[in-house]
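What follows is a single structure, written as structure tokens, with notes after it.
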Amino acid sequence: MATDITHEELETTAELLALIEDPAGREVYDPATNELIGRTGETDAAGVDDAVVRARKAQQSWALMTHESRSDFLHKVADAIESVAEPLAELLSREQGKPLNGPNARFEVDACASWLRAHADFVIEPEVLVDDESGRAEMHYVPVGVVGAVGPWNWPMMISVWQMAPALRMGNAVILKPSEYTPLSVQALVAVMNSVLPVDIVQIVSGGGEIGQALVGHQGVDKVMFTGSVETGKKIMRSAADNLSRLTLELGGNDAGIVLEDAEPEKMAEDLFWGAFINTGQTCAAMKRLYVPASLYERVCDTLVEFAKNMPMGNGLDESNVLGPLQNRAQYDIVERLVEAAKNDGATVLLGGDPDNASVGNFYPTTLVADIDNNNPLVSEEQFGPVLPIIKYDDINQAIEWANGLEVGLGASVWGENSDELKRVASLLEAGSVWLNKHGAIDPRVPFGGVKQSGFGLEFGVDGLKQVALPKVISW
Ligand code: NDP
């Protein structure tokens, strides 16, 4: 539904919350303080049906608009988000836990606006396939219809925009199902967007996995975009099968970083740290295991400890913090279990690893683990938290084999000075994106997607636009 407000009226987080809150709804708590933030309404199966009917109707006139008109809307949506960026960032910080500062809440809200603008400006023209004496054939890209988008709790606003921006640009209507852990952030974002967009072009259905399932299996949903875990991705593929809905799956990763013999540890410590610890490690394409040659092992460990121990963790609303709590207790328990597995196996905890289980918030300290076996669960399972295992290798071929040894392949990185060797190793890594001397750097112009069980389909760039369109060949 369209929001009956102008975004100029919204100046505080309380005003944002007043707009979206359901006083009789489910309570949502701050993961740093365990204080009540607000209450979210929940949709039932009939509500999903209703949203689909509305979306199908609204999409018809949206699809008839020109690309220029829709791009204009996307820029206006970006303006609206920028005008209430601070209340949005504050709500996001309180609900997700991420600090306002660092590559966190303000960064995420800013990315929402810049992703919308980038997608508004991409040029997508019919492609000429044949043009000779035999005739002419052109590939056109037409809207799919209704996109059902299901998202996770780690970057709730930004990932929703990753799903919405290309879908809207291409003439589709979108129904979002946010994670039940972070519904308010997405509802607030959409309320602001709907102060600009035509009615019912973007709607939200809220609730748990069963509402997600009702949405992705709905026969009125033509395309499903999902970002989340591998396990849920497989369920979604099954739900979408009956309708043969189009699918983009951005699933989990366990990204490896490989340091080469000629790397300079002091120079790269900061980038290595943020490659692993961005959003307190709760990032799909964060570096989750680091392979270091024996010759550099101690230096890399020492420089990382030096950098990491000075990065403040705490309540996200405190301007001094750059690391926050884990968003939910279930994730905290996973992180704790994996670090205990490493300790039990005789690994050395260089930093952290000693959570205060009595603390009110879900704070797990920044943790660096050395002398760990490649088969340890902290290496082979996705920790999705502020912990990095550092694995020693003697031979680069061994490191490459270990990096490629898992069923997932979202991102990877290679660190060193010799660009030929960096590129050679990159070419051998099984991942959708390989970064050189950085990790997880995304850009709306550069397609992003996983291989193996990290999913399929691309997001971002013109390739991303094509994933929310139907190819249509016209020839004469
Ligand atoms: P989940 O897979 O648990 O949940 C993701 C979303 O799917 C939630 O909204 C969830 O609802 C919903 N859902 C659950 N079951 C179903 C179902 N049967 N049908 C439809 N929807 C369903 O992931 P998390 O939220 O725990 O996110 C963490 C995971 O996501 C990590 O593994 C991470 O690597 C991955 N991820 C991947 C990214 C990428 O781009 N590749 C980016 C970010 C995260 P609810 O939570 O309300 O139950």
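No lab work stands behind these numbers, since they all come straight from the coordinates. Being a predicted model, the structure only gives us computed values, none of them experimental. So basically every Cβ, Gly included, is an ideal-geometry build from the backbone, and we count neighbours across all protein chains shown.
Some notes on this structure:
- Full-extension gain in nm, K309 to V128, via 0.36 nm per residue minus C-alpha separation: 59.6 nm
- Amide proton proximity set for I37, modelled H, under 5 Å, gap of 5+: V28, Y29, D30
- Mean Cα-pair separation over length for the chain, i.e. relative contact order, pairs under 8 Å, 6 or more apart, %: 19
- Per-residue [θ]222 nm for the chain (sum of -39500 (n - 2.57) over DSSP H runs n ≥ 4, rounded to 500): -12000 deg cm²/dmol
- Peptides ranked, highest mean first, by Cβ atoms within 10 Å: ranges 97-104, 455-462: 97-104, 455-462
- Each of the peptides 415-425, 119-129 was scored by the mean count of other Cβ atoms within 10 Å over its residues; in descending order, highest first, they stand as 415-425, 119-129.
- A358-A46 FRET efficiency (beta carbon distance; Förster radius 56 Å; 0.05 resolution): 0.80
- Alpha-carbon centroid distance for the pair the range 337-373 / the range 235-274, whole angstrom: 23
- Close amide H partners of V408, meaning residues 5 or more places away or on another chain with modelled amide H under 5 Å apart, are Q453.
- Added length on full extension, which subtracts the Cα-Cα distance from 0.36 nm per residue, E266 to E231: 8.8 nm
- On the beta carbon distance between D72 and E35, with R0 = 35 Å, the FRET formula returns roughly 0.30.
- By the rule of a C-alpha distance below 27 Å, with chain neighbours fewer than 8 residues away ignored, the lysines paired with K438 are K98, K267, K288, K309, K392, K423, K452.
- Cα gyration tensor, the chain - rounded (a/c under 1.5), prolate or oblate: oblate
- In order along the range 433-441, phi translates into HN-Hα couplings of 9, 10, 9, 9, 6, 6, 8, x, 6 Hz, rounded to whole numbers, per the Karplus curve 6.51 cos²θ - 1.76 cosθ + 1.60 with θ = phi - 60° and x for Gly and Pro.
- Rounded to whole numbers, the Karplus 3J(HN,Hα) couplings from phi for the range 200-205 are 6, 6, 10, 10, 10, 10 Hz, using 6.51 cos²θ - 1.76 cosθ + 1.60 with θ = phi - 60°, and x at Gly and Pro.
- Ordered by the count of other Cβ atoms within 10 Å of each Cβ, fewest first, T43, T12 give T12, T43.
- Rounded to the nearest 20 debye, dipole of the range 385-476 from Cβ charges on Lys, Arg, Asp, Glu: 440
- Burial ordering of C112, C301, fewest other beta-carbon atoms within 10 Å first: C301, C112
- Each residue, N243 and K472, gets one label point 7 Å from its Cα in the Cβ direction; the gap between the two is 2.0 nm.
- Residues in the range 421-462 that a label on D110 would reach, taking backbone N under 19 Å of a point 7 Å out along Cα→Cβ: 439-446
- Mean-position separation - Cα centroids, the range 280-326 and the range 179-209, in angstrom: 32
- Cα centroid separation - the range 32-104 against the range 446-476, whole Å: 23
- Relative exposure of M311, M193, judged by other C-beta atoms within 10 Å (fewest first): M311, M193
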